[in-house]
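Scroll down for the structure; my scribbles are underneath it.
The values are calculated or read from the model by the stated rules, or taken from the named source; none is laboratory data. No experiment lies behind these values; they were computed from the predicted model shown. Positions of Cβ are generated from backbone atoms using ideal geometry, with glycine treated the same way; all protein chains shown enter the neighbour counts.
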Amino acid sequence: MALSGGIAALTSCDRLIEVSSPANLITAEKIFEDSLLLEDALLNCYLTLDFHEQFLPYLGLYVDELTTASQLTQHQEFLTNALTPESNLGNLSVWRSLYSAIYQANFIVEGLEQPGGELSLSPAYRRVLGEAKFVRAYSYFYLVNLWGDVPLVLIADVSRTAATGRHPVSEVYDQIIADLTDARMLLSAAGTQAKSRAGAAAATALLSRVLLYRGDWSGAERESATVIAGFPPLEAPLEGLFKAGHPETIFELWKERGYSFGATYIPATSTGAPTLVVRDGLLELLDEQDGRRSAYVSVNGSGLHFPYKYKLRTVSAEPEYDVLLRLPELYLINAEAKLMLGDITGSIDMLNAVRQRAGLAGLDHSLPGDAVVRALIDERARELFCEGGHRFFDLKRLGLIDEVMAATKPTWESGAKLFPIPQQEMDRNPRLTQNEGYN
């Protein structure tokens with residue numbers, strides 16, 4: 001799926017700046033005249049999003065989900081919330097990966113948006129444009145939730161964007177919502193396609209998450225309900241939820257080797273020590289009646305528990321891809337939005353759909369609102385742990401992170417709610433400013 005020649009330069013912002021124009025360069029004009037070349041450019045966008053496997057497990061260490069006995073600097077800096085602007089390579093790598101995906105998406109968007117409007121494009125090109133806008137929105141979602149105010153770059157000309165300052169989170173969210181709204185419209189006519197390609201359901205699902213984060217309860221309730229209505233009920237066995245193409249998966253990243261996170265979490269042997277260990281507090285939430293205790297967590301011969309949502313360390317006839325959006329999150333979004341709108345009964349119904357699939361008894365509809373809030377927070381912790389940074393982002397947006405982290409990690413400081421802007425990026429762009437607590 002990777003490209004050669006001039007297109008390959010799009011996978012790195014540095015190379016995009018430095019590369020010269022060889023005689024055999026595939027020009028932008030040729031790309032937009034050739035649907036196959038344009039398709040390859042889009043697939044490179046998806047490949048660049050593959051920061052998840054190398055980075056997102058560390059977010060479990062950063063909060064109260066995981067711990068480790070590893071003394072590697074990379075592990076210890078996340079475990080102790082001691083990221084440094086100068087040296088943390090994970091911090092720098094994910095920043096650059098996200099902006100690389102954005103620049104590639106910008107290249108496609110700029111080339112396809114025309115004065116005559118998006119409707120003047122062929123159906124195939126409208127789909128590519130919609131997917132590019134989804135990738136850009138997805139990338140910016142992670143940028144604002146990890147670093148706060150970030151440069152909002154919407155063009156592919158690096159010479160014009162290299163010195164862009166930071167934009168307020170609210171402004172970036174406005175762009176995310178605009179991109180996802182456009183993406184859904186463009187993709188709604190694309191028909192069914194592989195779950196490793198963003199479709200209208202993926203755009204709507206991410207839009208509902210963004211609206212929830214922004215406190216637009218009505219919008220979040222509406223959009224999550226739209227997604228839920230397009231899928232079967234939560235009835236599938238817990239064991240196979242992370243297999244490629246599962247009916248409950250909304251969007252997943254294709255993996256050439258057919259497996260991903262399993263190799264990160266699962267020890268090489270039954271007696272081997274896992275690098276990342278589930279904390280006792282999470283195990284207490286996943287009690288013995290909860291089917292997720294055995295489906296989502298495993299234990300080695302020494303009694304150490306590790307994440308087991310992904311089962312594969314090697315190639316299998318039934319591959320696992322990186323699941324980025326799946327149906328249970330939409331039930332939890334809908335439950336939270338309903339609760340904030342005063343519909344406690346409806347909120348409990350949504351929570352019970354997730355709980356009862358896991359083998360837990362349903363919550364009583366007579367529960368007061370504050371008890372439902374607690375149940376919702378706990379249910380998100382059970383269902384979404386070690387996925388997509390949800391726990392870190394939830395604690396921040398709900399105003400609980402200082403309280404929870406102080407109880408878990410005595411060295412926690414409030415400034416760690418945001419990651420440091422990488423020093424190498426600040427050295428290259430004098431208009432970038434550092435987040436509080438890292439100067």
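Of note:
- Options 236, 189, 203: the member that is part of a loop (DSSP other than H, G, I, E, B) and either surrounded by 14 or more Cβ atoms within 10 Å (Cβ to Cβ) or not hydrophobic (A, V, I, L, M, F, W, C) (or both): 236
- The listed residue being charged (D, E, K, R) and more than 21 Å from residue 395 (Cβ to Cβ), out of 364, 378, 370: 364
- Residue 210 vs. criteria surrounded by 19 or more Cβ atoms within 10 Å (Cβ to Cβ), free of Cβ contacts under 8 Å to residues at least 40 places away in the same chain and either touching a helix residue (DSSP H, G or I) at 6+ places or on another chain (Cβ under 8 Å) or small (Gly, Ala, Ser) (or both): no
- Residues that are farther than 30 Å from residue 405 by Cβ and assigned to a helix (DSSP H, G or I) do occur in segment 240-257, at least one of them.
- Taken together, the residues in segment 54-75 that are small (Gly, Ala, Ser) and within 10 Å of residue 275 (Cα to Cα) amount to 2.
- Checked against the criteria, residue 349 does not count as exposed (fewer than 14 other Cβ atoms within 10 Å of the Cβ) and either over 22 Å from the mean Cα position of the chain (by Cα) or polar (S, T, N, Q) (or both).
- All conditions in (1) touching a Phe, Trp or Tyr at 6+ places or on another chain (Cβ under 9 Å); (2) not assigned by TED's automatic domain parsing to the domain that holds residue 358 hold for residue 234, with the sole exception of (2).
- The listed residue being farther than 30 Å from residue 305 by Cα and either modelled with pLDDT under 75 or surrounded by fewer than 16 Cβ atoms within 10 Å (Cβ to Cβ) (or both), out of 93, 21, 97: 21
- All told, residue 118 falls short of being modelled with pLDDT of 70 or more and more than 30 Å from residue 278 (Cα to Cα).
- Given (1) surrounded by fewer than 18 Cβ atoms within 10 Å (Cβ to Cβ); (2) under 30 Å from residue 416 (Cα atoms); (3) in contact with a helix residue (DSSP H, G or I) (Cβ under 7 Å, 6 or more places away or on another chain), index of the condition residue 164 fails: (3)
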